[in-house]
Amino acid sequence: MKITVIGLGGDSLFMNVDHFHREGETLAATSFFSEPGGKGYNQAVAAARLGGDVSFLGAFGKDSGSDKCVNFLKKEGIKPLVIYKDIPCACACILTDKTGENRVTVFGGAAALLNAEDIEVFKAEIGASQILILQNEVLAEANRRALEIAKAAGVTVVFNPAPAVGVDRELLLSADVITPNKHEAQLLFGDDYKSGIENSGIKTAVVTLGGDGAELYEKGRWTHIPPYKVSPVDTTGGGDCFNGAFAVGICMGKTLEMSCDFACRAASVAVSRPHAVEAMPHFVDISSKKQ
């Protein structure tokens, strides 16, 4: 189950607050926690904990935060494919309110400088994969080159178009599966995102709906994937967990519908725990989970 993830990895700073800021308001956090993270980084950890043979390709700085990120990957059994840049590693600040909802601010740092030439260094690693996962947290040129390499080698490409700002339409149309959440799908395809996706030329899409499960668009039809009900503690890593688990499901030979169900089950465990990367479940955590 060889999976390569290309994306942002950096430090993540978590603070809990009663509510989100009103204009001009200063809030006192009730807790503070730090861990490595990033969309692609979290997805890599999720896939590895669920049994995938995972490599993570990303750019880091020559600083202690980068060392922390790379060492954590190794501890998780993930192969780091590292390009070093001369600026600090990425950093995200995550505020979580008392309902479990979150607000995230990201500094791209070294990760945002990953380019097409960097991708070329790891061409063989990408080509040997079963699944390649991409997101929109690195330069479009890096994602495009990775997709070209994957397509030439017959590798399945899953593109998570998040954040949904400045998304490369070529990536949307060329990826084998796109996995936006509902908000991202509406930004990309309009409020009636289902019609937008149907008319876009995209053949396969999974739209994640948080506590409402997911919608799978495959072979011209939509299928609703029901959720696994939980009381959310922190939704920060839910979508990332879904993407990593979805890739593992495909590698296990599951249908896309079954892979979505597997991913919903994994994500329901992740959001019932605090923080992001540390919340990613192991296979034993979800093997007996019921709807």
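The values are calculated or read from the model by the stated rules, or taken from the named source; none is laboratory data. Computed from a predicted structure; not experimentally measured. Please note: Cβ atoms are built from the backbone with ideal geometry, for glycine as well, and neighbour counts cover all protein chains shown.
For this structure, a couple of remarks:
- Under the condition of being surrounded by fewer than 21 Cβ atoms within 10 Å (Cβ to Cβ), modelled with pLDDT of 95 or more and hydrophobic (A, V, I, L, M, F, W, C), the residues counted in segment 217-250 number 1.
- Residue check for L27: touching an Asp or Glu at 6+ places or on another chain (Cβ under 8 Å) and either part of a helix (DSSP H, G or I) or not small (G, A, S) (or both): yes
- Residue that is farthest from A247 (Cα to Cα), among those in segment 25-63 that are among the hydroxyl-bearing types (S, T, Y) and free of Cβ contacts under 8 Å to residues at least 24 places away in the same chain: T26
- Flag for K75 being closer than 22 Å to K203 by Cβ, free of Cβ contacts under 8 Å to residues at least 24 places away in the same chain, among the basic types (K, R) and surrounded by fewer than 19 Cβ atoms within 10 Å (Cβ to Cβ): no
- Verdict on S259 being of a type in the set (S, T, N, Q) and free of Cβ contacts under 8 Å to residues at least 40 places away in the same chain: yes
- Matching residues, segment 174-229, being without any contact (Cβ under 8 Å) to a residue 60 or more places away in the chain and of a type in the set (S, T, Y): S174, Y193, S195, S200, T204, T208, Y217, T223
- For segment 44-62, the candidate set comprises residues that are at pLDDT 95 or above and assigned to a loop (DSSP other than H, G, I, E, B); within that set, the residue that is surrounded by the fewest Cβ atoms within 10 Å (Cβ to Cβ) is G51.
- Looking across segment 82-105 at every residue that is closer than 26 Å to E125 by Cα and not hydroxyl-bearing (S, T, Y), the one that is surrounded by the fewest Cβ atoms within 10 Å (Cβ to Cβ) is identified as D86.
- Residue, nearest to A112 (Cα to Cα), within segment 126-150, restricted to residues that are of a type outside the set (A, V, I, L, M, F, W, C) and out of contact with any Phe, Trp or Tyr (no Cβ under 9 Å at 6 or more places or on another chain): E137
- Of the criteria (1) farther than 21 Å from E141 by Cα; (2) surrounded by 15 or more Cβ atoms within 10 Å (Cβ to Cβ); (3) touching a residue at least 60 places away in the same chain (Cβ under 8 Å); (4) not basic (K, R), which one S66 fails: (3)
- For segment 124-137, a residue qualifies if it is within 18 Å of G40 (Cα to Cα) and either touching a Leu at 6+ places or on another chain (Cβ under 6 Å) or assigned to a helix (DSSP H, G or I) (or both), and the qualifying residues are E125, I126, E137.
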